[in-house]
Amino acid sequence: MARPTPDTAADPSKGRHGPAAVAKTRSPARAAGLRTPSWVGWLFVAPALAFYVVFVLRPIVLTVQYSLYRWDGIGPSTWVGLANYGKVFTDPDLFDSILNAVKLILFFSVIPVLLGLAIASTIRRIATSRLALVARTVLFLPQVIPLVAAGIAWTWVLSSTGVVNQVLSHLGLGGVTRAWLGDFSTALPAVGVIGAWVLLGLCTLLLLAGMSRIDPALYEAARLDGAGSMREFLSITVPILRQEIGVCVTVTVIAALASFDIVYISTQGGPGNSTMVPGLEIYYLAFSERQVGMASALAVVLMVLVLICALPIQWLTKDKNS
């Protein structure tokens, strides 16, 4: 067998692993020094970006524009500047609708998240049992049922002759019974209960998914140190679920501030304006009273309110290590 000549051994370019051999393994484009232009990536993004501009950004810009005019949606418009925004904060009916949405945060967000944490922690402890599967299925049912159907069903349940009043009467609490959705003092809390029922399953499953990634060794170490169930929950479960809790709070707060369908089906803003919320008020102003400018101003205020509430929540609950 012929041995390599000294020149070949001394000069790597003539060997099997020399630059000439390496160059042969490169693609023709790289060998020629060609690179993919940066604008090619934008071609893939363009369809989604165009859809976002046309159906999201453009309506927002038009809403801001309409909010500066007095317009009935058909005839000529009149420039009024910031007068519509001033009326949003000075008109008691409009401002009270915003306050009602803020009050619904307690029912739509605080209650589902706290109950979801407790229920998810309990389900995690019995994860291998059949009861855990049944509980997850039952709790997630409200997410599958259309909200219109859920609102109608709850209207029957909370009516003066509904299941709730029948149970109270059988328990000897007939003096407490009332039309829960028709009473000025209980209509808004009753709507809040419906919202809490709808969002509880979503929060529970999100938190349960987050608990599944917690290392069981952390709980074992805590038990060896003498920690009880409550200490495990507060020192291990809650801190690790920071991001999941942030998602739940963000989603539920937005649902409370932008609530429409449940309120429209169950009370239509009544009795009086006791359950009127911005989403429903915008609908009435734009399509019933033909005050498109005022409705647009209230919509802009609602959008800003959602951002004011959602952005700090995301900042406070983001992963500090990321």
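At a glance:
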| read-out | value |
| --- | --- |
| Qualifying position, being modelled with pLDDT of 95 or more, in contact with a helix residue (DSSP H, G or I) (Cβ under 9 Å, 6 or more places away or on another chain), β-branched (Val, Ile, Thr) and within 22 Å of residue 107 (Cα to Cα), among 176, 191 | 191 |
| Complete set of residues in segment 95-104 that are surrounded by fewer than 21 Cβ atoms within 10 Å (Cβ to Cβ) and touching a Leu at 6+ places or on another chain (Cβ under 8 Å) | 98, 102, 103 |
| Pairs where the first residue, in segment 164-189, is among the aromatic types (Phe, Trp, Tyr) and the second is not in a helix (DSSP H, G or I), C-beta under 7 Å, 6+ apart | 180/158; 180/186; 184/271; 184/272; 184/274 |
| Check on residue 161, at pLDDT 90 or above and β-branched (Val, Ile, Thr) | yes |
| Segment 184-223, subset within 20 Å of residue 259 (Cα to Cα) and part of a loop (DSSP other than H, G, I, E, B), residue nearest to the chain's Cα centre (by Cα) | 186 |
| Positions within segment 67-82 being in a loop (DSSP other than H, G, I, E, B) and either small (Gly, Ala, Ser) or surrounded by 10 or more Cβ atoms within 10 Å (Cβ to Cβ) (or both), in sequence order | 67, 68, 71, 72, 73, 75, 77, 80, 81, 82 |
| Count of residues meeting criterion [over 24 Å from the mean Cα position of the chain (by Cα) and without any contact (Cβ under 8 Å) to a residue 24 or more places away in the chain] in segment 235-273 | 2 |
| Selection status of residue 169, assigned to a helix (DSSP H, G or I), among the hydroxyl-bearing types (Ser, Thr, Tyr) and over 19 Å from residue 261 (Cα atoms) | yes |
| The one condition in (1) part of a helix (DSSP H, G or I); (2) surrounded by 10 or more Cβ atoms within 10 Å (Cβ to Cβ); (3) modelled with pLDDT under 90 that residue 24 fails to fulfil | (2) |
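Condition check ((1) crowded, with 17+ Cβ neighbours inside 10 Å; (2) over 30 Å from residue 185 (Cβ atoms)) across all residues:
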site	(1), (2)
216	no, yes
229	no, yes
245	yes, yes
249	yes, no
259	yes, no
272	no, no
278	yes, no
289	no, no
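The values are calculated or read from the model by the stated rules, or taken from the named source; none is laboratory data. Nothing here was measured: the structure is a model prediction, and the numbers come from that model. Here the Cβ is made from the backbone with ideal geometry for all residues, glycine too, and neighbour counts use every protein chain on show.
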